[in-house]
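Here the structure comes first, spelled out in structure tokens, and everything after it is commentary.
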Amino acid sequence: MKIVGTGSEIPKKIVTNDMLSEFLDTSDAWIYPRTGIRHRHVISDEKLEDLAISAAKKALDNAGLSASDIDFIICSNVVNEYITPGLGCIIQGGIGATCPAIDINCACAGFIYALDIAETHFQAGKVKNVLIVCAEEPTRMTSWKDRNVCVLFGDGAGAAVLTAGDNIKGIKLSTASATDKLYQIRTLEPTPYITKQEESISLQMRGQDVFKFAVKASSGDIKYLLNELGMSPDSIDHYLLHQANIRIINTIRDFLGQPESKFPTNVETHGNSSSASCPILLDECNRNGILKRGDMLALSAFGAGFMSGAVIMEW
Ligand code: UT7
């Protein structure tokens, strides 16, 4: 398959580090050097589904296709206002498509997992065009009293339209179960029979464990693919990494021995928007002319699970 269109939508509300320091014991002087984040876009009066639908419509427009051309929608989402139906169903109606839609929850690595599912459908001959939409509002998962976590995230949606082609050179997915490092727990409706202790817990993170996992998993996934394909890190033109933290990106870059110019970033202005991060960055690079047809791209994402994945593709 190949990507023939991209789109993204981000909330209009910009929250700077200085704005956070008005109600949290934090500062730009702490946040920026440790994360590379200056500000993030946070949902206020928007609905995540509307951002997702807008990103999807932009991707279709960019591809020169209409909703009726799409055979399958894969939506990557951790939380939104609905527990059911899935966000993919809402997007399907919102863009006026009639094809099947599924949701996946692969946290920040969702775009790579969605690409893998799409590729499998193309290989099976089941689809002609697929729409992937990654839409996330992690700012609704964190406690805004917890300076360890809430400063890191932003919201948004990114989408990509795929059609038949031979541009995906390889995909590597990795999962290593670790439920105590990065997690959120919600309580469900009580029943007369529940006797166990239950408690909602906002998004919790062991930052240094996640940092180490991210560097190891991302550089490992990319190196694995390069080896499989008989390629060297030099043969990749652009590395589009999950925008969690500039220090993670820089450490992976050092590990691969590649120049900064190959690593476009937007973490400074977006923060970590979970699975939406990669497709938003891809869309920005697509629209500002960074990507040229024939360029070799490596995308890599990592997050809760722990789940990670990488893809090497020709643009
Ligand atoms: O998709 C994956 C998502 N997650 C990530 O990418 C996160 C990966 N981890 C990291 O990027 C880093 O671990 C952080 C940026 C989250 C934290 O940096 P750190 O250098 O590992 O800091 P730390 O957690 O060891 O905390 C150092 C100090 C602590 O104070 P004490 O105990 O030394 O007095 C924290 O309480 O910094 C304090 N601290 C803060 N201070 C001001 C933690 N958060 C803040 C904050 N503002 N926002």
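A few notes on this one:
- Flagged links, alpha-carbon separation over 25 Å, of Lys12/Lys169; Lys58/Lys128; Lys2/Lys126: Lys12/Lys169
- Screening the chain for DSSP H helices whose Cα atoms reach 27 Å or more along their own axis and whose mean Kyte hydropathy is at least -0.5 gives 207-229.
- Ala101 long-range amide H proximity, modeled H, under 5 Å: Ile73
- Fraction of accessible area attributable to carbon and sulfur, the chain (%, probe 1.4 Å): 49 percent
- Contour minus Cα-Cα distance for Ser143 and Ala176 (0.36 nm per residue): 9.3 nm
- Longest to shortest principal axis, alpha-carbon extents of the chain, angstrom: 49, 47, 37
- Computed about the Cα centre, the dipole magnitude for the range 2-166 is approximately 160 debye when only Lys and Arg (+1) and Asp and Glu (-1) carry charge, each at its Cβ.
- Largest first, the three principal axis extents of the alpha carbons in the range 170-314 are 61, 31, 25 Å in whole numbers.
- Residue-normalised accessible area of the range 139-178, given per residue in Å² at a 1.4 Å probe: 41 Å²
- D (Stokes-Einstein, µm²/s), Kirkwood Cα radius, the range 2-166, 0.692 mPa s at 37 °C: 197 µm²/s
- Measuring with a 1.4 angstrom probe and ignoring ligands and nucleic acids, Thr195 comes out at about 130 Å² accessible.
- Rounded to the nearest 0.05, the FRET efficiency derived from the C-beta distance between Asp254 and Leu229 at R0 = 22 Å is 0.50.
The values are calculated or read from the model by the stated rules, or taken from the named source; none is laboratory data. In this text the structure is predicted, and so the values were computed from the model without any measurement. Positions of Cβ are generated from backbone atoms using ideal geometry, with glycine treated the same way; all protein chains shown enter the neighbour counts. In case anyone asks, the SASA skips ligands and DNA or RNA and just uses the protein heavy atoms, side chains included. Shrake-Rupley method; radii C 1.70, N 1.55, O 1.52, S 1.80 Å.
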